[in-house]
Amino acid sequence: MEKTDVVILGAGAAGMFCAIEAGRRGRRVLVIDHARAPGEKIRISGGGRCNFTNLGIAPDRFLSRNPRFALSALKRFTQWDFIARLDAEGIAWHEKTLGQLFCDGSATQIVDMLVRQMREAGVTLWLSTEPGEVRRDGGGFVVDTSRGAVSAASVVVATGGKSIPKMGASGYGYHLAESFGLPVVETRPGLVPLTFATQELDLLKPLAGIAVPARVSAGGAAFDEAVLFTHRGLSGPAILQISSYWREGMPVTLRLAQGSEVLQMLRRGRDEQARSAVRTVLAQILPERLARHLEGRAGIEGPLGAQSNATLDRLASLVGAWELRPVGTEGYRTAEVTLGGVDTDHLDARTLQARSIPGLHFIGEAVDVTGWLGGYNFQWAWSSGWAAGQVV
């Protein structure tokens, strides 16, 4: 039987970063992944440029039953620490919007850096290798794999969530946790487009392709970013963000502009452009197709000069608080992350070790910690991987 100090299941961002840290401490580390290449999610992220962190890392930008759980790891290995590592490698980066940092070049630069640093730290990497059962063996563990069994003093589960199943994502890490008696917070797709019932979708389809800035709110949260109308429903950064807070049965509210300002504009237009269509004036601040749609949704007919105050109030209220009721999401197929995961109440925040099972650690997306869109989930991967790597 192969013997090592640490087995890390998963060669993604968290797993590779943990391996580097443990290897640098002189630990014998074996990383196992079913994929043919490491870091595939890094490679495809951010349009191939990897949104690797965010300047605005803060605990309130992570969803969890215990939102403060992530704070220990995030404080001890920060966004500035990861930026320093890229700078030391000569990997150029830039800020886009809202603190989001991307590589100037290809995301493969980060993958290549991690793979090289693992190799330099003496880490062994097994790709195209399926992990199987993990079981206790004396003071350590035995991990079954398609290459045979491996014994180790510590096991780190960095297998990610269920998002993007075409890349091989599965619930393996959650099943492993449950096999050791650790509870898993209900999982669901996060950072994912929203879908609608046929009747509503038929009304929205003519808007497909329109992108517009908006404040989107649901579930007590609100985001100011772009909304994209699609043939399936709603997408765009603001919708992906709010999807993590939205639950079935909730409405989603779009504020396309301040209702009071829209009302003033319409009343002024009624005085100055009485013969114009209402949508013509509304199109001064919204795309024409969207203005036409809202005009129809408000039941408006005839020129602007013929509209009553009540009618204009109704349209302004619609623009300022357009309530829509999604029926679901596009699911794990397009979700960027998985909400939920291994219950943080059963993990040590400093080491990511299961409290009841010494030597068993869970990091990255496998844990019930999910960040906002914009580099937050990669930072959680780096930080949690670093934290576990100091102790395994």
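The values are calculated or read from the model by the stated rules, or taken from the named source; none is laboratory data. These numbers were taken from a predicted model, which means no experiment stands behind them. Cβ coordinates were reconstructed from backbone atoms using ideal geometry, including for glycine residues, and neighbour counts include every protein chain displayed. Just so you know, the surface numbers come from the protein's heavy atoms only, side chains and all, with ligands and any DNA or RNA stripped out. Shrake-Rupley method; radii C 1.70, N 1.55, O 1.52, S 1.80 Å.
Counting only protein heavy atoms and using a 1.4 Å probe, what share of the accessible area of the stretch 231-355 belongs to carbon plus sulfur, as a whole percent?
45
Which of (1) 27.5; (2) 24.9; (3) 22.7 is the computed Kirkwood radius over Cα pairs in Å for the structure on display?
Evaluating Kirkwood radius over Cα pairs in Å on these atoms matches (3).
What is the sum of charges around TRP372, taking Lys and Arg as +1, Asp and Glu as -1, for the other residues whose C-beta is under 13 Å from the C-beta of TRP372? Display every interim value, and only then the final one.
Working: positive: ARG61; negative: ASP60, ASP224, GLU225, GLU336.
In short, -3.
Skip the ligands, DNA and RNA, and give the accessible area per residue of the chain with a 1.4 Å probe, whole Å².
Normalised by residue count, the accessible surface of the chain is 41 Å².
Mean residue ellipticity at 222 nm from the helices of the chain, using -39,500 (n - 2.57) per DSSP H segment of n ≥ 4 over the full residue count, to the nearest 500 deg cm²/dmol?
Helix-only estimate at 222 nm: -9000 deg cm²/dmol.
Go through the stretch 161-255 and name the trypsin sites (Lys or Arg not before Pro) that are in a DSSP coil and have 14 or fewer other Cβ atoms within 10 Å of their Cβ.
Those satisfying the criteria are ARG247.
Could you tell me what percent of the accessible area of the stretch 86-169 is made up of carbon and sulfur, with a 1.4 Å probe and every protein chain present?
On the stretch 86-169, the fraction of accessible area on carbon and sulfur atoms equals 48 percent.
Would you kindly derive the ³J(HN,Hα) couplings of the stretch 300-310 from the backbone phi angles with the Karplus curve 6.51 cos²θ - 1.76 cosθ + 1.60 (θ = phi - 60°), listing them in order in whole Hz, with x for Gly and Pro?
Using θ = phi - 60°, the values come out as 8, 10, x, x, 4, x, 8, 8, 7, 4, 4 Hz.
What residues qualify as long-range amide H neighbours of ALA107, i.e. H under 5 Å apart, gap of 5 or more or another chain, H built at 1.01 Å from N?
Amide H neighbours of ALA107, under 5 Å, 5+ apart: ARG49, CYS50.
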